[in-house]
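For reference, the structure is listed below as structure tokens.
The values are calculated or read from the model by the stated rules, or taken from the named source; none is laboratory data. The structure displayed is predicted, hence computed values, not measured ones. Cβ atoms come from the backbone with ideal geometry, glycine included; neighbour counts cover every protein chain shown. The accessibility values were calculated without ligands, DNA or RNA, using every heavy atom of the protein model including side chains. Shrake-Rupley method; radii C 1.70, N 1.55, O 1.52, S 1.80 Å.
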Amino acid sequence: MKITFIRPNMLPVRGRDAMEPLVFAILAGLTPPDVETVLYDDRLEDTPFDEPTDLVALTVETYTARRAYQVAAEYRKRGVPVVMGGYHPTFLPEEALRFADGVVVGDADALWSQVVEDARQGQLQRIYRDEGFPPLADLRPDRSIFQGKKYAPAALVQYGRGCRFACEFCSIHAFYGTDLRQRPVADVVAEIEATGKKHIFLVDDNIFVDVPRAKELFAALIPLNIRWSCQISVDVAHDRELMALLEKSGCTTAVVGFESLNEKSLRQMKKHWNIKHNDYSTSVQIFQDHGIMLYGSFVFGYDDDTPDSFDRTLEFAERSKLYTANFNPLTPMPGAALYSRLEQEGRLLYDRWWLDPGFRYGDAVFHPKGMSAAELTAGCYRIRKQFHSLRSIASRGLDFQANCRDPYRLGLHLASNLVSRWMIDKKQGLPLGVV
Ligand code: B12
Ligand code: SF4
């Protein structure tokens with residue numbers, strides 16, 4: 001038996017920064033050894049639809065759903081069964097089943113061997129659902145599936161799943177609810193060592209889920225002598241012991257969801273805790289004092305945001321010397337509380353924006369209150385461009401404390417800014433999937 005794993009691309013353009021799709025290393029690790037597996041990554045290469053295979057397994061996010069359904073149609077035309085899993089099919093299994101033979105709802109860890117066995121017997125079920133959350137102690141990703149592919153150099157490793165917060169727009173909270181799980185620290189350390197890589201991206205949506213466990217992990221990373229990146233909530237800055245451990249263990253960059261400078265917007269999105277301990281400038285300073293470069297994430301379109309919000313945020317991001325940042329229109333994702341609210345309020349511009357041929361990457365998909373949808377789209381695009389102007393890249397990059405303490409940091413700053421600068425215009429306004 002042969003299984004073909006496919007990571008669909010979001011847009012009809014190929015970037016230079018694709019990262020390893022960790023989920024397929026996990027699924028490959030759970031697949032019986034007598035089953036052949038192969039991975040095609042639509043972001044890097046063409047998919048050989050005519051190559052014989054017995055099952056196609058697609059990972060599907062909301063932004064990649066349209067492309068995933070196109071890929072599935074090609075295989076089903078050739079009589080090959082298709083199974084889908086991931087965020088999007090979990091939230092909308094009925095939609096995914098219009099394009100797939102089977103759907104896995106939730107985490108696959110406890111279900112995948114059953115899926116493989118059923119496919120082997122030619123008896124794939126329509127829905128596989130894990131009502132609970134499987135323990136993560138048995139996670140044994142098999143990275144040999146990535147061999148020969150041109151991925152970004154960092155290895156992706158997962159410590160835990162879930163987040164202790166419940167931001168209104170967030171897919172993670174919608175997927176995991178209040179469930180929080182972490183792997184044994186020794187397993188994570190062994191996995192990092194086995195990758196042989198010196199830069200690791202810990203993909204947890206919030207690595208700072210509970211203080212003692214975070215400290216245990218960071219302490220265990222110190223002897224590995226690696227550099228690592230993570231996503232972390234900004235409230236961590238007030239815990240000086242934790243910050244010291246982050247620095248000592250090699251944390252070099254962190255993605256932080258600042259989201260908004262507007263307190264009312266933070267309150268509305270249920271992220272007011274972002275400024276519970278410190279204001280943003282103080283938090284940024286603490287991170288940078290510990291040698292951690294910040295990737296700031298911002299959204300626009302909450303009810304109190306106005307056209308002025310764009311320049312205020314840009315000014316903050318530049319003054320704070322964030323090494324990089326994204327500025328996105330608030331986007332309702334199916335499954336998240338924001339989506340139901342905007343739907344109930346009759347403010348959605350599309351029935352299903354992710355499938356709509358009229359939707360373009362970067363577009364606002366609902367009616368904001370403090371500006372028009374067109375202003376929301378244009379404002380985000382404008383400040384994204386300004387933030388990635390050569391003047392801004394140079395002025396942020398030449399700040400010793402924030403971004404150029406050593407050649408490694410400066411190189412990272414330049415590489416990520418130049419790639420983003422190049423990609424902004426390539427991505428903006430493109431349709432999802434292949435036209
Ligand atoms: C790393 C990451 C990235 C990396 C790229 C990662 C990669 N390898 O390509 C970067 C930074 C480039 C990125 C970009 C984007 N990302 Co991103 N990313 C992540 C992150 C943090 C980790 C992904 C990961 O490796 N997870 C670990 C794996 C094991 O978990 P998993 O994929 O959920 O898989 C489990 C189940 O879902 C299921 N499963 C998943 N797929 C399949 C397939 C099959 C066949 C089966 C059976 C089961 C199954 O089983 C797995 C475990 O048992 C996730 C958040 C998260 N915690 O997952 C966001 C996340 C996936 N990204 C998200 C988004 C929105 C984006 C962007 C669209 C942002 C933007 N506006 O541009 C872009 C678009 C990228 C694209 N789609 O092409 C959202 C997706 C939400 C949604 N509803 O679809 C997430 C959930 C973040 C969030 N907080 O909302 N991302
Ligand atoms: S802190 Fe981040 S991961 Fe956690 S619920 Fe909020 S947006 Fe989601």
Taking first residues from segment 188-206 that are among the hydroxyl-bearing types (Ser, Thr, Tyr) and second residues anywhere that are surrounded by 17 or more Cβ atoms within 10 Å (Cβ to Cβ), the pairs with Cβ under 7 Å that are 6 or more apart or on different chains are Thr195/Arg143; Thr195/Ala155
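Can you tell me which residue within segment 54-101, out of those that are among the hydroxyl-bearing types (Ser, Thr, Tyr) and within 12 Å of ligand 1 (Cβ to nearest atom), is nearest to Val35 (Cα to Cα)?
Thr59
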For segment 207-238, give me each residue that is open to solvent by less than 30 Å² (accessible area, probe 1.4 Å), more than 16 Å from ligand 1 (Cβ to nearest atom), farther than 18 Å from Glu191 by Cα and free of Cβ contacts under 8 Å to residues at least 40 places away in the same chain.
Val236
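For segment 1-117, which fully contained helices (runs of 4 or more DSSP H) count at least 3 residues that are free of Cβ contacts under 8 Å to residues at least 40 places away in the same chain and within 20 Å of Asp130 (Cα to Cα)?
93-97
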Filter result (within 16 Å of Cys230 (Cβ to Cβ) and either acidic (Asp, Glu) or within 11 Å of ligand 2 (Cβ to nearest atom) (or both)) within segment 147-167
Arg161, Gly162, Cys163, Arg164, Phe165
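Residue by residue, here is whether (1) closer than 23 Å to Met293 by Cβ; (2) touching a Phe, Trp or Tyr at 6+ places or on another chain (Cβ under 7 Å) holds:
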position	(1), (2)
Pro329	no, yes
Tyr339	no, no
Leu348	no, yes
Met371	no, no
Lys385	yes, no
Cys404	yes, no
Ala415	yes, no
Ile424	yes, no
Criterion (closer than 30 Å to Trp228 by Cβ, open to solvent by less than 30 Å² (accessible area, probe 1.4 Å) and not charged (D, E, K, R)) met by exactly one of Phe316, Phe310
Phe316
Can you confirm whether Glu51 is within 16 Å of ligand 2 (Cβ to nearest atom), surrounded by fewer than 23 Cβ atoms within 10 Å (Cβ to Cβ) and under 26 Å from Gly148 (Cα atoms)?
no
Among all residue pairs at least 6 apart or on different chains, which show Cβ distances below 7 Å where the first residue, located in segment 171-182, is assigned by TED's automatic domain parsing to the domain that holds Ala214 and open to solvent by 20 Å² or more (accessible area, probe 1.4 Å) and the second is within 12 Å of ligand 1 (Cβ to nearest atom) and assigned to a helix (DSSP H, G or I)?
Ser171/Tyr87; Ala174/Phe91; Phe175/Tyr87; Phe175/Thr90
Options Glu168, Glu191, Glu216: the member that is over 22 Å from the mean Cα position of the chain (by Cα) and not hydroxyl-bearing (Ser, Thr, Tyr)
Glu216
Residue in segment 349-367 that is over 22 Å from Tyr63 (Cα atoms) and out of contact with any helix residue (DSSP H, G or I) (no Cβ under 8 Å at 6 or more places or on another chain) present:
no
